[in-house]
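Inspection log for the structure reproduced underneath, given as structure tokens.
The values are calculated or read from the model by the stated rules, or taken from the named source; none is laboratory data. What you see is a predicted model, and the numbers here were worked out from it, not measured in a lab. Cβ atoms come from the backbone with ideal geometry, glycine included; neighbour counts cover every protein chain shown.
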Amino acid sequence: GENVEQHPSTLSVQEGDSAVIKCTYSDSASNYFPWYKQELGKRPQLIIDIRSNVGEKKDQRIAVTLNKTAKHFSLHITETQPEDSAVYFCAASNDYKLSFGAGTTVTVRA
Amino acid sequence: EAQVTQNPRYLITVTGKKLTVTCSQNMNHEYMSWYRQDPGLGLRQIYYSMNVEVTDKGDVPEGYKVSRKEKRNFPLILESPSPNQTSLYFCASSKRTARVVDTQYFGPGTRLTVL
């Protein structure tokens, strides 16, 4: 089955700096790569996703890049703000199965 | 209001006592799924369903059962719970697009403790 590895497990950044989270996947047939944000005590919510026919996607301060050859994808958050503090999960999907990474706890320091 | 609901939200039970966690969505989504969340392991898919009467195993199906008799409901059944099933459980639903999982809308979660 699919194996998704996510790094780092924790990330502390100064407000206004950028944050980068990286994920690798094992199944070359995976074709959909979403990122979810989970605030403390809340449910995960989708923040951005990318499909395998696209190399990069941007939504305001958030961007995701995908390298299919290397089987890795990354989340970039620019100009971080205190409300960006949360746990972020990457995921990879093949057909209708969805496999998540272990999560990255991001703390934005004021 | 479009939503996914789960019940109960919190449950403490004992080993071997059968339990069911209900999940319901009002968005007419074809796809529904169950996940468990454990510290350091992220979210792991237990079972998913692509439509009524169609279910399939995720990455960690052992010890769980599901059924999909109606489009809106997808209950998770633990016939003989064990302490290693203590976890936070999320139900999710989404539209079903061709060969791709779409945006997952998660329920509020069920915190299960098995003593």
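At a glance:
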| read-out | value |
| --- | --- |
| Tally, over region A:9-25, of residues that are in contact (Cβ under 8 Å) with a residue 60 or more places away in the chain, surrounded by fewer than 17 Cβ atoms within 10 Å (Cβ to Cβ) and part of a strand (DSSP E or B) | 3 |
| Exclusive hit being at pLDDT below 95 and either more than 14 Å from every other protein chain (Cβ to nearest Cβ) or under 13 Å from the mean Cα position of the chain (by Cα) (or both), set A:Ala110, A:Ala63 | A:Ala110 |
| Pair list, Cβ under 7 Å, 6 or more apart: region A:69-92 residue surrounded by fewer than 21 Cβ atoms within 10 Å (Cβ to Cβ), other residue of a type in the set (Phe, Trp, Tyr) | A:Lys71/A:Tyr25 |
| Identity of the residue in region B:92-115, more than 10 Å from chain A (Cβ to nearest Cβ) and at pLDDT 95 or above, that ends up surrounded by the fewest Cβ atoms within 10 Å (Cβ to Cβ) | B:Leu115 |
| Of the criteria (1) closer than 13 Å to A:Ala92 by Cα; (2) touching a Lys or Arg at 6+ places or on another chain (Cβ under 8 Å), which one A:Ala29 fails | (2) |
| Close pairs from region B:86-108: first touching a residue at least 24 places away in the same chain (Cβ under 8 Å), partner assigned to a loop (DSSP other than H, G, I, E, B) and of a type in the set (Val, Ile, Thr), Cβ under 9 Å, at least 6 apart | B:Ser94/B:Thr103; B:Lys95/B:Thr103 |
